[in-house]
Amino acid sequence: MDTAPVPAKLLVVDDNKVNRIVLTRSLEKQGHVVETAENGAEGLIKLREQSFDLMLLDIEMPVMDGFQVLEACLKDVELRQIPIIMTSAMDELDAVVKCVELGAEDYLSKPVNPILLRARVNASLEKKRLRDQQRKLFRTFATSAVAEELLAKGFSLGGKYVEASAMFADIRNFTTISESQDPADTIELLNNYYALMFDAINKHAGIVNLIQGDGLMAVFGAPVWREDHREQSVYAALQMQELLQVFNQQQAERNKPQIRIGIGIASGQVIAGYAGTQDRATYTCVGDTVNLAARLETHTKVALKPILIDGNTCQGLSSDIGLEPLGDVLFKGKTQAVAVYAVTRGEPHNG
Amino acid sequence: MSQIDMHVFNELKDTAGEDFIGELIDTFIDDAPNMIAQIRTGLEKQDADVFRRAAHSLKSNAATFGATDLAALARELEGFGREANFDIGDRLEKLEVVFQQVAGQLGNLKP
């Protein structure tokens, strides 16, 4: 357990001088850089002026007590990211429980035991490090609004049923394209392509939860629910095709290969959740709806239509989206035929 | 009679570091009379908040140094303060006597 901690910058807020000295000395001995504040108000000012990795906060203080500081921090998008360890007297357990319920990371009772202090500070710093990584990961795959909501509400690894729209998109003849050009050009092509696709998906509140080679999977309506997930997914698909046209024009001008994509969308119940381990998890959707979206994407090659959706996705679509019924199709592995529609026209719009 | 639990005191010495224990003792011996004065002010002005907060601080510091009796007396006063009950008998006088003993013994423990 004695792994050397990365020196962190800590703020000790306590109105009592002896307590401040003991905590500061102890934390400095453990390799951290420590700032102090004598009451809650002063603590908040320092928190806003400087950047801290963790705060140790006394509950009983004049001017502004620990509760008020804790509440102010939890309301603040920036300060919310700093873990807070409450420091309290042994007989203040009720107050401590209240703080932990409100969102404090942990607590320590005074007089502080140096071994517990080290363990709790290091555990909180480690959790913060993981959360920072998560935030970075979320921001890679989702809009920052979705990322912040996930971080605020937290997430559990367990899955649940949600109503959502699943989308698969794939580049046609990608093998041929990649064989005809330089590997560096292929990666550049993919990166430019993905930048455009992510943009279209994020603008329509979707989250890309899988990219594999030349294909991607996105989900709309989860993890943050929105009623119009069907319409948003179709608008995203239309914008993806439109952005691709612009991309292809640029490719043509530079004498580079052009690409075509097929998109399949299906809506309905999906099993959504974070799969993986506590340290490394990705937001995943599985189930029949997701399989159907993948089949529809594959079917674009047969139907020769760039965007195919199922009957469920057609429900509640705006009238500016044109639909062409292609009849029922029995997909491999399915017992029932599915009504398939090609999206024929529509005005891509944002939001 | 020893007012200091040496087990607690030695742990504090480990936590703060040998070189800092002297400064820590001085800080306490400087600060504690202010806390006691505030307890008295709270009592005279019947200000339960001032009374309770000062008793709370004194309790916390006394416990830090292993001054068990002093901590217990301060905790008792904190309880009175929480209930805004100022009928504390001679507890404050007792506490002052115990503090003098604690201060003397801590002074001798300085390196």
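Numbers for the structure displayed
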{"quantity": "The stretch A:219-317, dipole about Cα centre (Lys/Arg Cβ +1, Asp/Glu Cβ -1), debye to the nearest 20", "calculated": "380 debye"}
{"quantity": "Contact order relative to length of chain A, as percent, for alpha carbon pairs under 8 angstrom and 6 or more apart", "calculated": "12 percent"}
{"quantity": "Percent RCO, i.e. relative contact order, over chain B, from Cα pairs under 8 Å lying at least 6 residues apart", "calculated": "33 percent"}
{"quantity": "Cα centre as origin, Lys/Arg/Asp/Glu Cβ charges: the protein assembly as shown dipole, Debye", "calculated": "1580 debye"}
{"quantity": "Heavy-atom SASA rank of A:Tyr194, A:Tyr161 (probe 1.4 Å, accessible area, largest first)", "calculated": "A:Tyr161, A:Tyr194"}
{"quantity": "Amide H within-cut-off set for A:Val12, under 5 Å, with H built and near neighbours excluded", "calculated": "A:Glu35, A:Thr36, A:Ala37, A:Leu56"}
{"quantity": "Sequence ranges A:48-58, B:83-93, ranked by mean other-Cβ count within 10 angstrom, highest first", "calculated": "A:48-58, B:83-93"}
{"quantity": "Shape category assigned to the stretch A:154-345 from the gyration tensor of Cα positions, a/c cut at 1.5", "calculated": "oblate"}
{"quantity": "Partner chain coverage, peptide B:45-55 - average Cβ within 10 angstrom", "calculated": "1"}
{"quantity": "Chain A - mean residue ellipticity at 222 nm from DSSP helices (-39,500 (n - 2.57) per run, n ≥ 4, rounded to 500)", "calculated": "-14000 deg cm²/dmol"}
{"quantity": "Shape of the protein assembly as shown, Cα gyration tensor, a/c cut at 1.5", "calculated": "prolate"}
{"quantity": "Relative contact order of the stretch A:201-306, pairs being alpha-carbon contacts under 8 Å that are 6 or more residues apart, as %", "calculated": "21 percent"}
{"quantity": "Positive-end extreme of charge dipole, chain A - chosen from A:Val270, A:Val33, A:Tyr193 (charges on Cβ)", "calculated": "A:Tyr193"}
{"quantity": "Average beta carbon contacts from partner chains per residue of A:100-109, 10 Å cutoff", "calculated": "0"}
{"quantity": "Global form of chain B, assessed from the alpha-carbon gyration tensor, a/c cut-off 1.5", "calculated": "prolate"}
{"quantity": "Debye, to nearest 20: dipole size of the stretch A:9-140, +1 on Lys, Arg Cβ, -1 on Asp, Glu Cβ", "calculated": "780 debye"}
{"quantity": "Rounded tilt (10° steps) of A:114-141 against the dominant C-alpha axis of chain A", "calculated": "20 degrees"}
{"quantity": "Dipole axis of the stretch A:193-281 (+1 Lys, Arg; -1 Asp, Glu on Cβ), positive-most option in A:Gln258, A:Gln239, A:Ala222", "calculated": "A:Gln258"}
{"quantity": "Neighbour cut-off at most 16 other Cβ (10 Å), DSSP loop, trypsin sites (Lys or Arg not before Pro), the stretch A:210-314", "calculated": "A:Arg226, A:Arg254, A:Arg260, A:Arg280"}
{"quantity": "Accessible area that becomes buried as B packs against A, both chains, 1.4 Å probe, Å², nearest 100", "calculated": "1900 Å²"}
{"quantity": "Å² per residue, accessible surface of the stretch A:9-140 at 1.4 Å", "calculated": "44 Å²"}
{"quantity": "Angle between chain A longest axis and helix A:144-153 axis [Cα atoms, degrees, rounded to 10]", "calculated": "50 degrees"}
{"quantity": "Heavy-atom accessible surface of the stretch A:1-137: percent carbon and sulfur, 1.4 Å", "calculated": "54 percent"}
{"quantity": "Percent accessible area from carbon and sulfur atoms, the stretch A:154-345, protein chains only, probe 1.4 Å", "calculated": "49 percent"}
{"quantity": "Accessible area expressed per residue, the stretch A:254-344, with surrounding protein chains retained (probe 1.4 Å, Å²)", "calculated": "52 Å²"}
{"quantity": "C-alpha center-to-center spacing [the stretch B:16-76, the stretch A:252-270] in angstrom", "calculated": "71 Å"}
{"quantity": "Charge context of A:Asp91, other residues only, Cβ under 14 angstrom, K/R +1, D/E -1", "calculated": "0"}
{"quantity": "Cβ-derived FRET efficiency at R0 45 Å, B:Glu83 paired with A:Lys29, nearest 0.05", "calculated": "0.65"}
{"quantity": "Sulfur and carbon atoms: percent of accessible area, chain B [1.4 Å]", "calculated": "48 percent"}
{"quantity": "Most mobile listed residue (A:Val246, A:Val121, A:Val69) in chain A, GNM with C-alpha springs under 10 Å", "calculated": "A:Val246"}
{"quantity": "Helix A:183-203 axis, angle to chain A major axis (alpha carbon atoms, nearest 10°)", "calculated": "80 degrees"}
{"quantity": "1.4 Å probe accessible area per residue over chain B, in Å²", "calculated": "47 Å²"}
{"quantity": "Stretch gain in nm, segment A:Gln258-A:Ile187, where the contour uses 0.36 nm per residue and the Cα spacing is subtracted", "calculated": "24.1 nm"}
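The values are calculated or read from the model by the stated rules, or taken from the named source; none is laboratory data. Just so it is clear, the model here is predicted, and its values are computed rather than measured. We place every Cβ from the backbone using ideal geometry, glycine too, and count neighbours over all the protein chains shown. We work out accessible area using only protein heavy atoms, side chains counted, and drop any ligands, DNA or RNA first. Shrake-Rupley method; radii C 1.70, N 1.55, O 1.52, S 1.80 Å.
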